[in-house]
Structures are given as structure tokens and as C-alpha cells.
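Colleague: Before I ask anything, let me first share the structure, which is written out below as C-alpha cells.
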Amino acid sequence: MRLEKSTLKDNETIEISGSKSISNRLLILSALFENLTIENLSNAQDTELLDKALKSNAEIIDIHHAGTAMRFLTSYLSIQEGRTTILTGSDRMKQRPIQYLVDALRDLGADISYVEKEGFPPLKILGKKLEKSSVSIPANISSQFISSLMLIGSKLENGLEINLVGKITSRPYLEMTLKILRNIGISTQWEGQMIQIFPNIQTEKSSQIIKCITESDWSSASYYYSLAAIGRKCINLKSFRPHSLQGDSAIKEIYWNFFGVNTISQGSESKISLMPESSFVFPDLISLDMNDCPDIAQTLCVTATALQIPFEITGLSTLKVKETDRLIALKNELFKIGCISEITEDSIYSTKFFEPNQTTFIETYDDHRMAMSFAPFCLIKDLTIENDQVVDKSYPQFWADFAQVLD
């Protein structure tokens with residue numbers, strides 16, 4: 001897709017669908033507890049793939065690029081007594097490690113084997129009753145491994161005690177999972193390195209329908225924060241709550257502190273307005289630990305490059321096991337828009353800004369966030385985005401909504 005250099009319209013309003021992170025958790029829970037209903041479900045491809053998988057009785061389930069679906073279904077299928085499933089995905093999915101989750105489930109008594117390469121999908125899962133109720137898992141890996149265990153915890157006879165070993169990464173995503181569990185009546189506790197999910201009898205036996213309304217997606221909102229920061233005009237977003245379950249709502253504070261974009265909440269309309277301060281003085285350096293919200297790091301780096309603000313971003317170790325190695329991809333594509341950067345195993349920092357070439361072709365590496373995070377740079381110069389349809393993974397309406405706010 002070619003994006004010509006554009007200007008930002010003022011005061012346009014965009015409505016973003018339900019959070020993918022919340023939707024995926026609720027889909028697993030609605031499959032476990034039949035008295036749950038979900039409103040404002042995400043229209044992301046990942047969510048649709050998970051929904052389809054949960055409704056399928058097929059022996060082979062292919063979830064393509066959907067990493068969350070792979071992780072959540074691994075635990076879910078492990079407790080489906082008497083069912084045998086081959087859980088597979090795309091070539092990239094077969095390169096994404098899942099051993100820590102499989103080891104934890106095996107420790108609980110699950111019957112899971114690797115079909116091809118040890119430690120990676122595809123998996124053969126023989127569903128059975130898990131007798132054990134305590135497990136340890138490294139805390140510095142994907143939080144989705146831990147959330148996957150948490151989601152099935154209340155279905156185990158004695159609940160589940162999860163011992164987190166080492167530094168905890170992406171803590172807000174674990175807190176989100178706990179809050180969702182509590183919202184549907186499941187008792188939980190988190191003290192220090194120990195998470196407890198208690199067995200749920202009330203939700204199990206209740207005939208009362210529990211309605212779950214999914215709030216809109218803050219990671220999707222991040223691209224409009226980037227546009228507002230670069231274009232210095234107001235954008236309105238619906239439907240967002242002032243107090244969010246999502247860790248990516250940290251975008252509000254980050255873009256206020258470093259780019260002067262104020263978030264004005266209009267609770268009665270479930271609307272927020274992104275208002276850039278005209279007199280804001282940009283900082284000499286953005287230094288930030290994004291361990292709690294790594295998914296918005298790409299957006300921040302592109303915004304900083306557009307405004308030529310030096311940056312040092314740490315806490316990004318999980319980006320190496322996403323749809324692509326996002327740190328390498330980010331370094332490569334930032335160079336094309338005029339930023340020389342260096343990366344480590346968990347960080348990226350700028351070293352120099354320069355005038356980029358006239359023609360800029362952004363590769364996406366089959367990664368939806370690469371496409372969307374670089375798109376706002378069209379406020380600076382013409383861009384061509386490779387494989388633009390990759391956005392279907394999380395935000396199918398992105399290009400239509402994006403075009404609406406541009407002149």
C-alpha cells in the first residue's frame with residue numbers, strides 16, 4: 001500500500017472494536033463456563049481464529065499466526081477429557097517456543113507431545129483430568145503462558161497455585177487476567193511470586209447469565225496517539241473507559257510525558273480525546289522501561305523518530321519471540337525512515353537521525369504491528385507498506401479508519 005505524505009484532520013472520531021487481549025481471555029472462559037455471554041467482541045483475525053477453534057471438534061486445529069490462540073488452547077485442550085487434538089499453526093508459529101508452558105502442564109499431569117521439533121508446535125494433546133494443583137513457571141517469559149494456566153485454574157478440582165520464578169514481565173497482562181476472572185465470580189489471590197486460582201463452584205453451577213462487555217483496544221489506540229503527537233491535532237476515540245484492564249493504557253501517560261498529548265475522557269459517551277498541547281517542549285531524551293507494555297514500543301520508536309527525539313527503550317525481551325523478532329525488524333525499518341539504532345537482547349536505543357531516502361518501502365515481516373506503527377510516518381513523507389493486509393490479525397478496519405483522519 002502506498003501512503004502519500006498527508007496532513008492530519010482535526011477532531012475526527014474513530015470507533016475501535018473490543019480489545020483482542022480481553023476478547024481472547026473471555027472466549028476461553030465462555031467455553032469453560034456456559035453461562036457467560038460476550039458483547040463487543042474483537043473483530044481481529046486472531047480472535048476469530050480462536051473462536052472458530054473453540055467451536056471445532058476437528059482432530060487437527062490450525063491457528064495460523066495466532067500466538068495467543070496457540071498458548072491459550074494448549075491449556076484448554078489439555079483438560080478436555082477424552083479428546084485428542086493436533087494443535088498446529090503457520091511456519092512462523094512452528095518457530096515460536098512453547099516448551100515452558102508445555103513443561104508446566106506436564107508437571108500438572110497433562111499428556112502433551114511434540115509432533116515435529118522438541119519445544120515447538122505442532123503439539124499432540126490428549127485431554128485428561130489434571131490431578132495436581134501446584135506448578136512453577138519462569139516469570140520472565142511470555143505472560144500468555146502464565147495467563148493460559150490461570151484461565152483453566154478454576155476448572156481443576158483443587159484450583160491452581162502458580163509459583164512465578166524470577167523477574168515478572170508484562171505484569172499488567174497478568175493483572176488483567178486476574179480481574180477478568182474476578183469479574184465472573186472466580187476467587188483469586190496474588191502475593192509476591194505466588195498466584196492462586198481457587199476452584200470455582202458458584203460460576204460452575206449458576207444458571208444466571210453473566211454478561212461481559214469488552215472494552216476497546218488500547219494497543220490499537222496507540223497508532224492514533226502517534227498521529228496526534230506528530231500531526232499536533234485532536235483525534236477522538238470510542239469506546240474507551242477511563243479505568244482500563246489493559247496494560248497498554250499506559251500509552252496515556254507515556255504520550256503525555258514525552259509528546260504532550262493529553263487524554264481527555266468523556267465518560268458519558270465512552271469517548272476519549274487526544275489533545276496535543278501547543279506549547280509542549282519536547283524532551284532531550286526518552287528513557288523508558290516498557291517491560292509492562294512492550295506491544296506499544298514500536299509505535300513509540302516511530303513517533304520519536306518522526307519528531308527526532310533520541311530514545312532509550314528497555315524491557316523488551318519478549319519482542320524477540322513475537323510474530324517476528326521485532327527488535328531486529330524495528331532496527332531495520334527505523335533506518336529507512338532516518339534513524340540509526342542499536343539493539344540488545346531486551347533494548348533499543350537511537351544513535352543518530354538523518355534525512356531518509358525519497359522512496360521508503362517498509363517491510364512488515366508478517367507482523368501486524370510493524371505495518372500499523374510505521375503508518376503515521378506518512379505525516380512526514382511518502383511511504384509504501386508491504387503486505388498491508390497483515391493488519392487483519394488485530395485490526396481489520398485499520399486502513400479505512402486511518403484514511404478517515406488524513407487529508
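Colleague: Positive end of the charge dipole of the chain (Lys, Arg +1 and Asp, Glu -1 on Cβ, about the Cα centre): tell me which of Leu123, Cys293, Ile14 has its Cα farthest that way.
Modeller: Result: Leu123, furthest along the dipole toward the positive end.
Colleague: Okay, next question. Separation of segment 339-407 and segment 21-84 by C-alpha centroid, Å?
Modeller: First find each Cα centre; the distance between them is then 30 Å.
Colleague: Round to the nearest 10 and give me the degree value, 0 to 90, for the angle of helix 297-306's Cα axis relative to the longest principal axis of the chain.
Modeller: Tilt of helix 297-306: around 0 degrees.
Colleague: Where Lys and Arg each count +1 and Asp and Glu each count -1, what net charge lies around Asp10 among other residues with Cβ under 12 Å from its Cβ? The partial results should precede the final answer.
Modeller: Working: positive: Lys9, Arg232, Lys233; negative: Glu12, Asp407.
Residues near Asp10 contribute +1 overall.
Colleague: Which ³J(HN,Hα) values, rounded to whole Hz and listed in residue order, are derived for segment 164-181 from phi using the Karplus coefficients 6.51, -1.76 and 1.60 in 6.51 cos²θ - 1.76 cosθ + 1.60 with θ = phi - 60°, glycine and proline given as x?
Modeller: Residue by residue, segment 164-181 yields 8, 9, x, 5, 8, 9, 6, 3, x, 6, 5, 5, 4, 4, 4, 5, 5, 4 Hz.
Colleague: What residues of segment 325-364 lie in the reach of a label at Lys5, counting those whose backbone N is under 14 Å from a point 7 Å from the Cα along Cα→Cβ?
Modeller: Counting backbone N atoms under 14 Å from the label point, the list is 355-360.
Colleague: Let me ask another. To the nearest 500 deg cm²/dmol, what mean residue ellipticity at 222 nm is calculated for the chain from DSSP H runs of n ≥ 4 alone, each contributing -39,500 (n - 2.57), summed and divided by the residues? Don't jump to the answer; show the numbers that get you there.
Modeller: Details: 13 runs with 131 residues, N = 407.
So the calculated ellipticity at 222 nm is -9500 deg cm²/dmol.
Colleague: OK, next. What percentage of the solvent-accessible surface of the chain, computed with a 1.4 Å probe over protein heavy atoms, is contributed by carbon and sulfur atoms? Mind showing how you got there, number by number?
Modeller: Working: 7430 of 16380 Å².
Carbon plus sulfur share of accessible area: 45 percent.
Colleague: What ³J(HN,Hα) values, in whole Hz, does the Karplus curve 6.51 cos²θ - 1.76 cosθ + 1.60 give for segment 237-248 when θ = phi - 60°, with x put for Gly and Pro?
Modeller: Residue by residue, segment 237-248 yields 10, 10, 10, 10, 9, x, 10, 10, 7, 8, x, 6 Hz.
Colleague: List nothing, just return the count: lysine pairs in segment 20-213, 8 or more apart or interchain, with Cα separation under 14 Å. Kindly include the intermediate steps, with their values, before the conclusion.
Modeller: Values: Lys94/Lys117; Lys94/Lys124; Lys128/Lys155; Lys129/Lys155; Lys132/Lys155; Lys155/Lys205.
Taking segment 20-213 as the scope, the lysine pair count is 6.
Colleague: In debye, nearest 20: dipole of segment 20-213 around its Cα centre with unit charges on the Cβ of K, R (+) and D, E (-)? Don't skip to the answer; put the middle values down first.
Modeller: On the way: 22 positive and 20 negative charges, 50 e Å.
My answer is approximately 240 debye.
Colleague: Apply the Karplus curve 6.51 cos²θ - 1.76 cosθ + 1.60, θ = phi - 60°, to the phi angles in segment 377-389 and return the couplings in whole Hz, x for Gly and Pro.
Modeller: Per-residue couplings from phi come out as 5, 5, 6, 9, 7, 4, 9, 10, 9, 6, 6, 5, 6 Hz.
Colleague: A further question on this structure: Tell me which of Ser113, Ala31, Ile60 sits at the most positive position along the dipole axis of segment 20-213, charges placed on C-beta atoms (Lys, Arg +1; Asp, Glu -1).
Modeller: Of the listed residues, the answer is Ala31.
Colleague: Dividing the alpha-carbon radius of gyration of segment 20-213 by 2.2 N^0.38 Å (N being the number of residues), what value is obtained? Write down the numbers at each step before the final one.
Modeller: Numbers: Rg = 15.4 Å, N = 194, 2.2 N^0.38 = 16.3 Å.
The value comes to 0.95.
Colleague: Okay, moving on. Rolling a 1.4 angstrom probe over the protein heavy atoms, how many square angstrom per residue are accessible across the chain?
Modeller: That works out to 40 Å² per residue.
Colleague: Could you order peptides 180-190, 224-234 by the average number of other Cβ atoms within 10 Å of their residues, highest first?
Modeller: Numbers: 180-190: 17.4, 224-234: 23.7.
Most protected by this proxy first, the peptides run 224-234, 180-190.
Colleague: Between Arg106 and Ile209, what FRET efficiency follows from the Cβ-Cβ distance if R0 is 25 Å, with the result rounded to 0.05? Please list the in-between numbers first.
Modeller: Working: r = 36 Å, r/R0 = 1.43.
With R0 = 25 Å, the Cβ-Cβ based efficiency is 0.10.
Colleague: Right, something else. Taking the 0 to 90 degree range and rounding to the nearest ten, how far is the long axis of helix 218-231 tilted relative to the main principal axis of the chain, both from C-alpha atoms?
Modeller: Taking Cα atoms only, the helix is inclined about 10 degrees.
Colleague: According to a simple spin-label model (label point 7 Å from Cα along Cα-to-Cβ), what is the distance in nm between Thr344 and Arg83?
Modeller: 4.4 nm
Colleague: What is the set of long-range amide H partners of Ser134 at a cut-off below 5 Å, with H atoms built 1.01 Å from backbone N?
Modeller: Sorted by chain and number, the residues that satisfy this are Glu161.
Colleague: Pop a pseudo-label 7 angstrom from the Cα along the beta-carbon direction at both Lys179 and Ser279 and give the gap in nm to one decimal.
Modeller: 3.4 nm
Colleague: On to the next question. Summing Lys, Arg as +1 and Asp, Glu as -1, what charge do residues with Cβ under 13 Å from the Cβ of Ser239 carry, Ser239 excluded? Numbers along the way, then the final one.
Modeller: Details: positive: Lys238, Arg241, Lys271; negative: Glu15, Glu39, Glu215, Asp217, Glu269.
Here the charged neighbours net out to -2.
The values are calculated or read from the model by the stated rules, or taken from the named source; none is laboratory data. This structure is a prediction, so every number in the text was calculated from the model and none was measured. Glycine also receives a Cβ, built like all others from the backbone with ideal geometry; neighbour counts cover every protein chain displayed. SASA here: full protein model, heavy atoms, side chains in, ligands and nucleic acids out. Shrake-Rupley method; radii C 1.70, N 1.55, O 1.52, S 1.80 Å.
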